[in-house]
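Each remark here refers to the structure printed beneath this line.
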Amino acid sequence: MEKKRINRPLKRSIQYGCISFVVVLCLLLGINIYFNYKNLFIKESQDHIRQIINYVIGYIDNDDLKRCMETKTESQKYKDMMVFLDDVKEDLDPQYLYVIKPLRENGGNHVLIVVSAENNYDRYEDTEGNIYLGDITEDEYTKEEVDDLHRIMGEKEIVFMESKTYWGHSYCGYYALRDSSGVLYALLGVDIDLTQMSQDILYRTLTNLILIILTGAVFIVGFITWASKNITDPIEMLEKSAIGYIKKSREVSSPDKLIFEKPDLNIHNEVESLSNTINQMTEDMKDYMFRIISAEKETVHMKEVASTDSLTGLRNKRAYDEKVKQINKLIEGQLINEFGIIMMDVNFLKKINDTYGHRYGDILIQNFCSVVCDIFVHSPVYRIGGDEFVIILQKKDLANADCLIKNFEKALSECAAGDNAEPWEALSAAFGVAYFDRKKDKSVEDVFRRADEAMYQRKKEMKAERSE
């Protein structure tokens with residue numbers, strides 16, 4: 001007997017359980033660590049942005065800057081402020097430092113550049129791509145982003161937000177600038193690059209996760225080792241002994257030869273107790289197993305006798321009815337899509353019985369069965385009446401039904417055409433064929449009915465041909 005493995009062995013379940021526990025723990029702790037670090041970095045970024053904004057707004061002359069924005073003319077204060085902003089960018093290292101004004105004209109997705117800080121290299125050497133007072137963006141901002149800037153213009157405090165724009169992935173702080181009359185005119189913006197921040201967060205998270213994973217690995221190894229020694233290995237030994245006992249029970253003819261090979265366990269737990277119980281149970285089952293083996297043999301023999309036609313050795317009407325029940329269940333469950341039925345009726349059986357005796361009628365039936373079984377090799381053949389036979393077409397026979405039917409007709413013709421053929425050797429039969437159609441057939445009986453009707457129609461035609 002081949003050892004049958006269960007789908008989820010206990011050892012594998014324990015291993016997977018431990019690994020799953022550690023994985024889930026690492027996942028939860030990793031998420032917690034990630035967001036804790038992210039919140040920490042965000043708070044540090046907010047403090048840094050707030051420091052830069054408070055430092056810059058103390059230097060800006062709002063009235064002069066507003067006038068420069070409206071006239072698009074750089075004053076001396078504007079130039080000094082631009083140098084100041086460049087120094088702030090160099091010293092405090094924000095990603096971007098700028099003053100802008102969101103516009104509602106031309107689709108509402110543009111902003112006016114008031115001033116933008118640059119590092120020394122970009123300001124004085126690599127000037128390509130720099131933006132200047134009065135520049136208006138093209139497609140760098142979406143309408144939704146500009147709408148957010150308009151909303152921020154109405155806030156009195158610094159507004160923080162995460163932004164993914166044309167300029168990059170940043171954490172931004174905006175402060176609305178007002179002139180001496182309190183009129184809003186622009187936004188001071190400071191951006192911190194989130195790309196490096198994300199890399200730092202990921203690095204710190206992974207460092208902590210590695211420590212957690214190493215700790216979890218030690219736990220997994222220790223627990224699995226203990227479980228293997230005290231639980232899973234003893235159970236596998238007990239299973240092996242039980243399978244060996246089952247194998248013997250199917251191979252030996254006498255229950256006296258059945259011996260349960262008790263595993264050598266010294267673990268003093270429930271598994272060892274179970275092994276002792278099974279050993280005692282097998283001793284008590286020997287007589288019972290002998291009766292089961294004897295009863296099974298008798299049952300199989302009686303079933304074969306009850307389902308076999310004694311004259312032909314074919315399956316009989318009882319076997320056919322059982323097969324019909326099986327196929328009907330498959331039809332109800334939509335588990336079968338195709339099969340066919342051939343209904344056959346042997347001609348001249350009554351005449352031969354009356355003229356030559358039933359002995360020769362039996363020979364006729366046996367000769368006919370031999371031809372049928374030689375041709376329809378892959379399909380079950382049933383004798384359901386004295387001269388009535390049913391073939392359930394399946395497998396290769398179903399696919400080659402037309403060819404097999406022609407071969408069958410040819411075989412019958414050859415038997416009937418012999419000059420020296422005795423009447424019980426000149427085979428003749430009427431038959432009808434029907435195939436399962438899910439659209440109109442609800443059961444095997446529907447297919448059988450159509451095959452039976454086709455058979456009787458063919459029988460009438462054959463009688464008409466003989467009378468002519």
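In table form, for the structure just shown:
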item	result
First in region 443-464 and farther than 11 Å from residue 343 by Cα, second anywhere and part of a helix (DSSP H, G or I) and among the basic types (Lys, Arg), Cβ under 9 Å, 6 or more apart	444/323; 444/325
Meets criteria (of a type in the set (Val, Ile, Thr), closer than 28 Å to residue 194 by Cβ and not assigned by TED's automatic domain parsing to the domain that holds residue 187) for residue 152	no
Candidates 115, 111, 88, 99 - the one that is touching a residue at least 24 places away in the same chain (Cβ under 8 Å), touching a Ser or Thr at 6+ places or on another chain (Cβ under 6 Å) and among the hydrophobic types (A, V, I, L, M, F, W, C)	111
When residues of region 163-197 are limited to those that are touching a His at 6+ places or on another chain (Cβ under 8 Å) and either at pLDDT below 90 or among the hydroxyl-bearing types (Ser, Thr, Tyr) (or both), the one surrounded by the most Cβ atoms within 10 Å (Cβ to Cβ)	194
Residues of region 242-253 classified as under 20 Å from residue 12 (Cα atoms) and buried (at least 17 other Cβ atoms within 10 Å of the Cβ), total	0
Looking only at region 121-160, and only at residues there that are basic (Lys, Arg) and in a helix (DSSP H, G or I), the one that is modelled with the highest pLDDT	151
Some residue of region 199-208 being at pLDDT below 90, loosely packed, with under 14 Cβ neighbours inside 10 Å and either over 45 Å from the mean Cα position of the chain (by Cα) or within 24 Å of residue 52 (Cβ to Cβ) (or both)	yes
Search result, residues across region 184-216 that are of a type in the set (Phe, Trp, Tyr) and within 28 Å of residue 23 (Cβ to Cβ)	203
Pair list, Cβ < 6 Å and 6+ apart or interchain, from region 339-367 residues that are within 30 Å of residue 439 (Cα to Cα) to residues that are modelled with pLDDT of 90 or more and hydroxyl-bearing (Ser, Thr, Tyr)	340/435
Selection count, region 101-120, where residues are in a loop (DSSP other than H, G, I, E, B), out of contact with any Asp or Glu (no Cβ under 7 Å at 6 or more places or on another chain) and either outside the structural domain of residue 163 (by TED's automatic domain parsing) or charged (D, E, K, R) (or both)	2
Among the residues listed as 402, 397, 374, 362, the single one being within 46 Å of the chain's Cα centre (by Cα) and surrounded by 13 or more Cβ atoms within 10 Å (Cβ to Cβ)	397
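The values are calculated or read from the model by the stated rules, or taken from the named source; none is laboratory data. What you see is a predicted model; the values in this text were computed from it and never measured. Positions of Cβ are backbone-derived with ideal geometry, glycine not excepted, and every protein chain shown enters the neighbour counts.
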